[in-house]
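Reviewing the structure listed below.
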Amino acid sequence: TPILELENVGKSYGNVHALRGVSLNVRQGEVTCVLGDNGAGKSTLIKIMSGLHDHTDGTMKLDGEPRRFGSPRAAQASGIATVYQDLALAPLMSVWRNFFLGNELRKGPLRTLDIARMKRICEDELGKMGVVVPDLDRPVAGLSGGQRQCIAIARAIYFGARVIILDEPTAALGVKQSGVALRYIVKARDAGLGVIFITHNPHHAYLVGNHFIILKLGRVVLDAHRDDLTLEQ
Ligand code: ADP
Ligand code: ADP
């Protein structure tokens, strides 16, 4: 079973049909790329999957069961993490504090960790993603865009995300940093997460994607598996 499924999902804002009849699956260990021009419905899709909006038609399923999240917290509690392009981290806060940001809202033993322990966890988790941050006490504003994306991804994985939704993670990055961010996407995929990669960039999508959805004016105009797109048959 896919972790998250949309079946014929539609969303209207009054009489604007932002999405119509959209179906897609998010599977463990796969990157599903969603491409489309401005106005295609990408943000609306993200909002539905991350609990900010309810769909107005069709069905969303989590682990095979129909589900509406109702709030971003509910989506997060179900293991759906969304990494927005620039809002993911608090720029002036240190790396390790960002990593544990919101932790005080979480239940369980992590609430009571001491600072040294939190820093160690942060360093280890970033290390697993191949990021070496020289000073965890420095504000994240001093890091590259690719590194900031990575911290947000590593944090989501550490706190139990099963699906990670990435909103244009490479849009503001140059060639080299895009490479860094794409490597983290592969790491998240290989860690067994289901990844939704929203992007304008078909090249970036092709580098990491297993599945490709193209939206146009709220409809799916292409739905292809990687195998469907290979040139050598
Ligand atoms: P994308 O992220 O691909 O640019 P959006 O999901 O933002 O697409 O928008 C899809 C369509 O829905 C557009 O026509 C947009 O103008 C419309 N839309 C998005 N949000 C709203 C809203 N809150 N109220 C009315 N129309 C909206
Ligand atoms: P929400 O839909 O939850 O209000 P959005 O971020 O989609 O949040 O939109 C922010 C504000 O801008 C809302 O008041 C929304 O109605 C309005 N808005 C966004 N996109 C459009 C659009 N394409 N047409 C009309 N209003 C829009």
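Run the accessible area of region 138-183 with a 1.4 Å probe and give the carbon-and-sulfur part as a rounded percent. Can you show the working numbers first?
Working: 950 of 1760 Å².
Carbon with sulfur: 54 percent of the solvent-accessible area.
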Prolate/oblate/rounded label for region 68-217 (Cα gyration tensor, a/c 1.5)
oblate
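In nm, what is the difference between 0.36 nm times the number of residues separating Asp227 and Asp54 and their Cα-Cα distance?
Numbers: separation 173, 0.36 × 173 = 62.28 nm, distance 3.28 nm.
Computed gain between Asp227 and Asp54 is 59.0 nm.
Taking the DSSP beta bridges in the chain as the whole, what percent of them are antiparallel, to the nearest 5? Let's see the in-between values first.
Working: 21 of 39 bridges.
Looking only at bridges with both residues in the chain, the antiparallel portion is about 55 percent.
Just to make sure I understand: if all protein chains stay in place, what is the order of Val9, Val175 by accessible area at 1.4 Å, largest first?
On the way: Val9 0, Val175 135 Å².
Most to least solvent-accessible, the answer reads Val175, Val9.
Could you tell me which trypsin sites (Lys or Arg not before Pro) in region 1-90 are loop residues by DSSP with no more than 15 other beta carbons within 10 angstrom of their beta carbon?
For trypsin sites (Lys or Arg not before Pro) across region 1-90 that sit outside H, G, I, E and B with at most 15 neighbouring Cβ atoms in 10 Å, the list reads Arg68.
So what is the relative contact order of region 154-230, in percent, for Cα pairs below 8 Å that sit 6 or more residues apart? Working shown, then result.
Numbers: 74 pairs, mean separation 20.4, N = 77.
Reported relative contact order: 27 percent.
Please give the length that would be gained between Asp190 and Ala77 if that part of the chain were fully extended, namely 0.36 nm times their separation in residues minus their C-alpha to C-alpha distance (nm, one decimal).
Details: separation 113, 0.36 × 113 = 40.68 nm, distance 2.20 nm.
Full extension from Asp190 to Ala77 adds 38.5 nm.
With r defined as the distance between the Cβ atoms of His203 and Lys128 and R0 fixed at 25 Å, what FRET efficiency is calculated, to the nearest 0.05?
Values: r = 27 Å, r/R0 = 1.07.
Rounded to the nearest 0.05, the efficiency is 0.40.
Where Lys and Arg each count +1 and Asp and Glu each count -1, what net charge lies around Ser71 among other residues with Cβ under 15 Å from its Cβ? Spell out each step's value before the answer.
Working: positive: Lys47, Arg67, Arg68, Arg73; negative: Asp54.
Around Ser71, the surrounding residues sum to +3.
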Which stretch or stretches of region 1-33 have amide N atoms under 19 Å from the point lying 7 Å from Lys216's Cα along the Cα→Cβ direction?
17-24, 33
In nm, to one decimal, how far is the modelled label at Ala90 from the one at Asp135, with both set 7 Å along Cα→Cβ?
2.0 nm
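Listed here are the pairs Lys119/Lys176; Lys11/Lys61; Lys128/Lys176; Lys119/Lys187; Lys47/Lys128; which of them are more than 25 Å apart at the Cα? Kindly include the intermediate steps, with their values, before the conclusion.
Values: Lys119/Lys176 27 Å; Lys11/Lys61 16 Å; Lys128/Lys176 20 Å; Lys119/Lys187 21 Å; Lys47/Lys128 29 Å.
In this structure, Lys119/Lys176; Lys47/Lys128 lie more than 25 Å apart at Cα.
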With only helices counted (DSSP H, runs n ≥ 4, each -39500 (n - 2.57)), the per-residue ellipticity at 222 nm for the chain, to the nearest 500, works out to -9000 deg cm²/dmol
What whole-number value in Å² describes the accessible area per residue of the chain for a 1.4 Å probe?
50 Å²
With Cα atoms, 0 to 90° folded angle of helix 145-158 axis to the chain main axis
90 degrees
In degrees between 0 and 90, to the nearest 10, how far off the longest principal axis of the chain does helix 175-190 point, with axes built from Cα atoms?
80 degrees
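The values are calculated or read from the model by the stated rules, or taken from the named source; none is laboratory data. Since we're looking at a predicted model, the values are computed, not measured. Note that we place each Cβ from the backbone using ideal geometry, even for glycine, and neighbour counts take in every protein chain shown. Accessible surface areas use protein heavy atoms only, side chains included; no ligands, DNA or RNA. Shrake-Rupley method; radii C 1.70, N 1.55, O 1.52, S 1.80 Å.
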